[in-house]
Amino acid sequence: MEHLIVDNLTMEFGGLKAVDSLSFSVKKGEIYGLIGPNGAGKTTVFNCVSRFYNPTSGRIIFEGKEITKLKPHEIIRAGISRTFQNVELFKHMTVLENLLVGQVAFTRENILSAAFMLSSVRKEERRIREEAMEILKILNIEDKAHEYASAQPYGIQKLVEIGRALVSQPRLIMLDEPAAGMNHSETDELAELILKLRDELGITILLVEHDMSLVMNICENICVMNFGKKICEGIPEKVKSDPAVIEAYLGGEEIA
Amino acid sequence: GNKNNEQPSTPASQKEQTKKELAQGVTDTTVKVGTTLALTGPVAVIGTPMLHGMQAYFNYINDQGGVNGRKIELIYKDDQFNPAVTVQKTQELVEQDKVFALVGTLGTPGLLASMDYIVQKGIPDVYQGSGSSKFAIPFKKNYFPVQPNYTTEGHVLAQYAVDNLNAKNIVIIYQNDEQGTEGLNAIKEQLEKLGKSDLLKAVVPFNTTDVDFSTPVLKAKEANGDVVILLGTAKPLAGIAVKAKEIGYKPQFLASYVVSDLTMFKLAKDAWNGAIVAGWAYPIYGKTENEPKVKLFLDTIKKYFPNETPSGYHVAGWIAAQTFVEGLKRAGDNLTWDGFIKAMETFKDWNDGLAYKLTYTETDHSPQRAMYFMKAIYKNENEYTYEIITDYIEPK
Amino acid sequence: MLLQQLISGFATGGLYALAALGLVLIYKTSDVVNFAQGEMAMFSTFIAYTTMTSYGMSYWEAFILALLFASVLGFIVERFFIRPIQNAPVLSLLIVTLGLMMIVNGIAGWAFGFETHSFPAIVGGELKIFGAVISKSNLLTLVITVFIMGILFYMLKYTLAGIAIRATSENPTIARLMGIAVNHVYSITWVVSSILGAIAGMFIAPTTFLDVNMMSSVLLKAFTAAVLGGFTTFVGPVVGGLILGVLENIASGYISAQLSSTFAFALIVIMLWIKPTGLVGQKVGKKV
Amino acid sequence: MNAKKYISWIVLILIATLIPPILNLPGSLQYLLDLSLIYAIVAIGLNLLMGYAGQISLGHGAFLAVGAYTSAYLTLTLHVPFFIALILSGLITGIVGILLGLPALKLEGNYLAIATLGFGVAVTQIFAIWTSFTGGFSGIKPLKPELFGFKFNSYLSYYYIILILTIVLVILTWNIIRTKVGRSLMAMRDSEIAAKAMGINVSYYKTLAFGLSAFYTGIAGSLYAHLLGFMTPYDYAFSIGMSLNFLAMIVIGGIGTISGSIIGAIIMTWLPQITSNLPIKSLSQIITGAIIIAVVIFYPNGIAYAGARLKDKFEKLFAKHQEKIVVKIEK
Amino acid sequence: MLSLIDIESSYGYVKVLKGITIEIKEGDIVAILGANGAGKTTILRTISGLLKPDRGKIEFMGERIDGKPPELIVSKGIVQSPEGREIFPGLSVLENLKIGAYTRKDKNNISKDLDRIYHYFPRLRERQNQIAGTLSGGEQQMLAIARALMAKPKLLMLDEPSLGLAPRVVKEIFEIIKEINQEGVTVLLVEQNARQALAIANYGYILQTGLVVMEGKAEDLKNNEEVKATYLGGKSPGSNVN
Ligand SMILES: Nc1ncnc2c1ncn2[C@@H]1O[C@H](COP(=O)(O)OP(=O)(O)OP(=O)(O)O)[C@@H](O)[C@H]1O
Ligand SMILES: Nc1ncnc2c1ncn2[C@@H]1O[C@H](COP(=O)(O)OP(=O)(O)OP(=O)(O)O)[C@@H](O)[C@H]1O
Ligand SMILES: CC(C)C[C@H](N)C(=O)O
Ligand SMILES: [Mg+2]
Ligand SMILES: [Mg+2]
């Protein structure tokens, strides 16, 4: 079953075609890799799906519904959540508060009920706090809950971003270079985490990453982009040995 | 003798029985008076010289031993032209500093904001540096306004333009604030009364924050104004005169008493030459310069504030102080609020000071209504003066 | 009448623009809108005035002296008031300049009094253009403004020092890692913009007259002009200043004099709505 | 909010309630106290907008004017009872705030500052000529409030109205900022992009922030009108200068803190008045300016953080000590 | 060439470096490895002068530099490519590169070096007039490294240069580092990609929560079991790539 379909997507900046008639699709419950050289257009694809960019042409379909016309803040309610390549945390908020923001679209409290702290609000607050703490536990950073997000080392910030994306209980999560800045053992833990998200929570994962050990290990299917176009698609084995991919992206003999 | 005793804050009428007692702020050797004015911010331009005018006169009196052996102590508070502060400072003066009277306060909005309080307290309030007519009407027992209000002035200006200048096309350029709008309405009112409303060809407002005055000048010119009445403060009016000269437009300017001092010459230079300006206080320029009461003023200012050019605002402060001192003299030892008010109400065409013929009765504290006109004569940067061209005129 | 209003609008706009250039220069390096800019300009202008009237100096001697004074003032302000809190939030810096404004204004009132004075123009007289009149002094202001704008524009865009200034404003920490002595950069920009302010003050004073409050409304207009044109360029304030000057005149001439600023601002908001970063400003879209 | 914080707030409220009658403050000081609490309400509103939502406003003086004149008009012309007029003033000002929030959807930083500045100028200009509503330059005299026949004539009795309102508004604010709305505002402030990705409708929250902030200021405006009892359109409290003053309040008090708003309002209201009785005329202005600068230099994040900083220093001393031990063991 | 002796540094009251001693010989490539938050970046910031050490001393070519301002330290020839693509987003690519050469005295050679940089990173030449903030993440990273190279430093400090770069470019980057080193530039390298780092380094330090827990020749570290397990990725799940 196709969960996300990117159909003939094109995104131009001035004269530059950052994404060029790109099509691919992700199945439900799949871990799908999107790789390619720097500047190939991967982040741009993410930005189109999460609606920060208005694609020049093409369609994006999620769970059978076209989402190309939605507003950025409506995407999370559609069931898609994401992280950012250059960490975008809420700097002056604690780690826990960062996670709570991920719940904003799903809580029913409004300004009046909150101002008067109705018991429904209190109950809801307690619930989302517990849920967020659960997630921090899964990420193994619950001890950081009350520290400021900006004071965390890069790797932890990346985890917090994942946590924030998770609290909205997305059905598809898009991770933009989650392993950047992590060493091997940390990357391994991340791999386990991603697998767990898929296996235990049933979340579909769209992954952009330059760490080939991670990509090749956990992705079922991979799409390789270059200059905005798809140059290869398939299972890791296929991609890894594709001469075009080696030439444009992996470069020579040894990988990773 | 009585010491500086607590004055219960009851309305003035209830203080009959305290006749022999002294009101707050009075001892055998001193009388404390208070004032609020803007000493910082944009209106400090007016507040500072006005305060200095008062200080000069009180210093002069104190140097002579004071009034009945009492020296006058002036407590001033900077209200920054902010009514919320005026209200607070006024109370501070009345309740903490326990002044005997308020003298020479400045700034229409602040004075109106504190008016209810002052009326309720009953403390004497001599001279309000404001052209609003609200201090006199309706009647308030403890208020003694001195300078003519803008309504009176407007009437006189209109009449003068029609009768003496034979205006064909009158244009009013007015400052968009309390002063300008009250004056404007008064001029319109008087023209109507004279049956000459058709002479008024245009009314053009400007804002105090304006930098460029070409629009009002051009509009006046477009309306073919031969007499242009200017209502506002010195800086913008000078700007208007300069602009008019620049574009070669030479109407007869007729300006409010607010700019009746030499500042205009310093700013507008020859562009001010020939302008006619209203005055209400005794003229201090030209022929009168050597008259004793003018000389006293000029010399005293020079003595205490040698770096300042005596201006209309100094005159205003001087008059405020003079008027108060005269009341004090007349009250003698009967220095209760009531006693002072009674003394003030004996003024009848009092003309010894720089104010013209002040009269207060038991039922009417309206300031004097007569004004005169003078003409600006500018020869060069160092030689300029006003020449008095009319007697005091009262509006019909 | 319309032509005269346009011309006068340009003349006034030139004053706004000149006052705005220094504002923009500081903003470009330290992200601070210097509220004290106008007061510093006023103070320097008073120095010129006092040396002329009390010490009998010539216009040019006084002019130079005022510029010298301005550079010292700019240096002191940066060194002792701005630098200690370089790393504070921008809003805090803004408030420091607000405090400075009060201090400089207060000292000026104390030192120079509150009287209004006339201030001589470099050149006297008027010029006629198709029947409309512009004072030579105002025309000269326009020329000087455009000239200074050109220099600043060139400096910042094309010289290494200019690039260093921009780099400092984007990220002072990283700029230091590139070997840029950011403190010098700050000092220099404050000195230069204080000098620009003094020049503006001495060109504006003949029109608005000189007193301790001469700059308060001019500075507000200058700020508006800079924003209208685009706060991030030097062409912006000039374009914005001229438009604002004309807009005000047209609004007060043909719509309502009482509401002239209201209409001028309404139009500005509409223009900004269409182009949110000012008419000639550009925005660097944040990329994620 | 932890227990310690609760207790300190309660102690504060007690002090605020009891001090005036115990000290038997003279009228002028009681009045200043009233005024500073009114400004504190504005500061809380402004802080919600600037400190929490990250949107600048130089138009709060104008909001104060809208609230003040609305209340005056409702009570004087339409004879609406004060307490209803108070709420309505807040609501109507809030609606005006939402309108001003619209430009904020597209503008930021200085550009937004100018839009709000323009609003400030426009409101006073419009009010000056809209005499049927405002009385123009002749001014208007709002009456002292009345409830069940009791007239709040004295500054002390009026103080309690203001105090209760302040407390209520502080509680509401506190509730708002620590729940969904507050988090959304802060998220939007820290990263608009991430906020959008997390499903926050940024346009909605920006306008909401303006509306909310204006609501507070409208309430304060109503209180101001009836405290002063007289106003004209060019009243300083409605001016750009005052808007800047409000800004200074929240910055020296502490951006993004409720207590800071109150501290800042009190300092900025009392300081110039305390220093104004000094002999040299502009000295008070110079001192006020200097103190503002000193506060910012010593507490760049505002006085509300002063306590936190002291604690920091203490902990640093302590921490150093601790670290050394650790290092020794490890070596 | 550079030595850190018993350096302690902190942020606020949090002590991050707890007595670091590091020695870098002229002409070497020295690698610092360590987990997230170990303090690697903090070491570089301390050397650059952005952080003043609480204790200890830093000597560069026989001269004490601790406590000196960053701009002075840079002018002595220590240049850093900071972590996390800290380019000047509003400047163009070319302007960023020019700023890199800000302290250089030999302005005449700059255009030659620019050519060389463009040769290393052809993408930057293509985009030289693009506003740097709109570059892709990897392109920004290349720019950050290129900018540091433009300074022609004596000691080049790279903070995670491979971050976010495509595998092929990573290889190229390490080639470039080697090449530059052979031209006489000493390199201090902070890397998560420990395998690559140790492949080109002569010497390495392993950092743990602010302390050096191990140091030695790169060869030795590569073969150390502990290092292998943590930093070289001994046991990826279902590893079939390594
Ligand atoms: N807003 C923009 N304006 C101009 N060019 C842009 C913009 N955003 C992206 N680009 C360009 O589009 C291309 C694709 O960028 P994108 O960020 O999608 O690359 P990427 O595949 O994510 O690369 P990396 O692996 O380096 O992160 C790049 O060359 C970039 O310079
Ligand atoms: N600005 C800061 N304020 C407070 N603490 C900080 C700050 N920067 C870093 N830290 C803390 O200092 C410690 C060391 O950080 P540092 O950035 O040096 O680590 P690192 O080894 O470079 O990690 P990474 O591999 O994630 O880049 C971390 O615990 C971090 O939380
Ligand atoms: C003192 C007076 C001459 C001042 C003037 N009437 C004014 O209110 O502005
Ligand atoms: Mg990317
Ligand atoms: Mg690091």
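Any read-out appearing in this document is the output of simple, stated calculations on the displayed coordinates, not a laboratory observation. Just so you know, these numbers come straight off a predicted model, no measurement behind them. Every residue, glycine as well, gets a Cβ built from its backbone with ideal geometry; the counts of neighbours run over all protein chains shown.
In this structure, A:S241 and D:L102 have a Cβ-Cβ separation that, at R0 = 51 Å, corresponds to a calculated FRET efficiency of about 0.35. Here the sum of -39500 (n - 2.57) over DSSP H runs of 4 or more residues, divided by the residues of chain A, equals -10000 deg cm²/dmol at 222 nm, to the nearest 500. Taking the fewest neighbouring Cβ atoms within 10 Å as the starting point, the ordered list for B:D349, B:D299 is B:D349, B:D299. Amide H to amide H distances under 5 Å link E:V213 with E:I206, E:L207, E:Q208, where only residues 5 or more positions off or on other chains count and H is placed in the peptide plane. Evaluating 6.51 cos²θ - 1.76 cosθ + 1.60 at θ = phi - 60° for every residue in the range A:162-173, the Karplus couplings come out as 4, x, 5, 5, 7, 4, 7, 6, x, 9, 10, 10 Hz, glycine and proline recorded as x. 3J(HN,Hα) couplings calculated from phi for the range B:229-235 with the Karplus curve 6.51 cos²θ - 1.76 cosθ + 1.60 (θ = phi - 60°) are, in sequence order, 8, 10, 10, x, 9, 4, 4 Hz; Gly and Pro show x.
Relative to the Cα centre, the charge distribution of the protein assembly as shown, modelled as +1 at Lys and Arg Cβ and -1 at Asp and Glu Cβ, gives a dipole magnitude of about 420 debye. Among D:45-51, D:283-289, sorting by the average number of other beta carbon atoms lying within 10 angstrom of each residue, highest first, gives D:45-51, D:283-289.
Partner shielding of B:29-42 amounts to 3, given as the average count of beta-carbon atoms from other chains within 10 Å of each residue beta-carbon. Put +1 on the Cβ of each Lys and Arg and -1 on the Cβ of each Asp and Glu in the range C:1-159; which of C:F46, C:I76, C:G22 then has its Cα farthest toward the positive end of the dipole? Going by the charge dipole, the pick is C:G22. For the range D:27-300, the direction-averaged projected area of the alpha-carbon convex hull comes to 14.7 nm².
Protection proxy ranking, highest mean first, for peptides D:247-256, B:288-297: D:247-256, B:288-297, where packing is the per-residue count of other beta-carbon atoms within 10 Å, averaged.
Between A:S119, A:L99, A:N140, the Cα set farthest toward the positive side of the dipole of the range A:90-167 (charges on each charged residue's Cβ, about the Cα centre) is that of A:S119. For the range C:55-128, the Stokes-Einstein estimate of translational diffusion at 4 °C and a viscosity of 1.567 mPa s comes to 84 µm²/s, using the Kirkwood hydrodynamic radius over alpha-carbon pairs.
For peptide E:72-79, the mean count of partner chain Cβ atoms within 10 Å of a residue's Cβ comes to 3. Residues C:S30, D:S138, ranked from the fewest to the most other C-beta atoms within 10 Å, line up as D:S138, C:S30. Computed on the Cα atoms alone, the convex hull of the range E:87-150 gives a volume of 66 cubic angstrom per residue. For B:Y57, E:Y120, the sequence from fewest to most other C-beta atoms within 10 Å is E:Y120, B:Y57.
If you take the square roots of the eigenvalues of the alpha-carbon gyration tensor of chain E and sort them as a ≥ b ≥ c, do you get rounded (a/c under 1.5), prolate (a/b over b/c) or oblate? Oblate is the answer for chain E, as a/c is 1.5 or above yet b/c matches or exceeds a/b. In sequence order, the range C:223-232 has phi-based couplings of 4, 4, 4, 4, 5, 4, x, x, 6, 9 Hz under the Karplus curve 6.51 cos²θ - 1.76 cosθ + 1.60, θ = phi - 60°, and Gly or Pro positions carry x. Taking the Cβ-Cβ separation of B:L165 and C:S256 as r and a Förster radius of 30 Å, what is the calculated FRET efficiency to the nearest 0.05? With R0 = 30 Å, the Cβ-Cβ based efficiency is 0.55.
How big is the convex hull of the Cα atoms of the range D:5-86, per residue, in Å³? All intermediate terms of the calculation are to be shown ahead of the outcome.
Numbers: hull volume 11.9 nm³, N = 82.
Cα convex hull per residue, to the nearest whole number: 145 Å³.
Could you identify which residue out of E:S75, E:S48, E:S136 has the top mean-square fluctuation in a GNM of chain E using Cα springs shorter than 10 Å? Comparing E:S75, E:S48, E:S136 in the GNM, the peak value goes to E:S136. The mean count of C-beta atoms from other chains within 10 Å of the C-beta of residues in E:166-176, rounded to a whole number, is 5. Evaluated with a Cβ-only charge set (Lys, Arg +1; Asp, Glu -1), the range A:90-167 carries a dipole of roughly 100 debye about its Cα centre, given to the nearest 20. Counted over the protein assembly as shown, the DSSP beta bridges are approximately 50% antiparallel. Look at the Cα gyration tensor of the range B:40-133: its axes a ≥ b ≥ c give a/c of at least 1.5 with a/b at or below b/c, and that counts as oblate.
Mean residue ellipticity at 222 nm, helices only, chain B: -11000 deg cm²/dmol; runs of at least 4 DSSP H residues each add -39,500 (n - 2.57), and the sum is divided by the number of residues. Taking a cut-off of 16 Å, what percent of all Cα-Cα pairs in the range B:218-298 are separated by more than that? Looking at the range B:218-298, the distances longer than 16 Å represent 52 percent of pairs.
Length, then width, then depth: along the principal axes, the Cα atoms of chain B run 69, 41, 36 Å. When peptides B:230-239, B:136-145 are ranked by their average number of other Cβ atoms within 10 Å per residue, the highest-first order is B:230-239, B:136-145. Beta bridges from DSSP with both residues in chain B: antiparallel share about 30 percent, rounded to the nearest 5. Please report, to one decimal in angstroms, the Kirkwood hydrodynamic radius of the range D:106-235 built from all distinct Cα-Cα pairs. Computed over the range D:106-235, the radius equals 17.7 Å.
Based on Cα contacts under 8 Å between residues 6+ apart, the range B:29-131 shows a relative contact order of 34 percent. Cα convex hull, the range B:151-279: 86 Å³ per residue, rounded to a whole number. Taking amide H as placed 1.01 Å from N in the peptide plane, the amide H of E:Q80 sits under 5 Å from that of E:M157, each at least 5 places away or on another chain. Compute the whole-percent fraction of alpha carbon pairs in chain A spaced more than 29 Å apart. More than 29 Å apart: 32 percent of the Cα pairs in chain A. For chain B, averaging the sequence separation of C-alpha pairs within contact (under 8 Å, six or more residues apart) and dividing by the residue count gives a relative contact order of 18 percent.
Only helices enter this figure: runs of n ≥ 4 DSSP H residues, each worth -39500 (n - 2.57), summed and divided by the residues of chain D, yield -25000 deg cm²/dmol at 222 nm to the nearest 500. The orientation-averaged shadow of the Cα convex hull for the range C:208-288, equal to a quarter of the hull surface, comes to 6.7 nm². Relative contact order, whole percent, for chain A stands at 27, derived from Cα pairs under 8 Å and 6 or more residues apart. Can you list, bin by bin at 10 Å, the percent of alpha carbon pairs in chain C, starting at 0? Going out from 0 Å in 10 Å bins, chain C shows 7, 28, 35, 23, 7, 1, 0 percent. Under the classification rounded if a/c is under 1.5, otherwise prolate if a/b is larger than b/c and oblate if not, where does the range E:1-66 fall, given a ≥ b ≥ c as square roots of the Cα gyration tensor eigenvalues? Cα axes put the range E:1-66 in the oblate bin. Only Lys, Arg, Asp and Glu carry charge here, each on its Cβ (+1 for the first two, -1 for the last two); on that basis the range B:195-305 has a dipole of about 220 debye about its Cα centre. Average projection, convex hull of the Cα set of the protein assembly as shown: 58.6 square nanometres. Under 5 Å between amide hydrogens, built in the peptide plane, is the criterion, and for B:V31 it picks out B:K71, B:I72, B:E73 among residues at least 5 positions away or on other chains.
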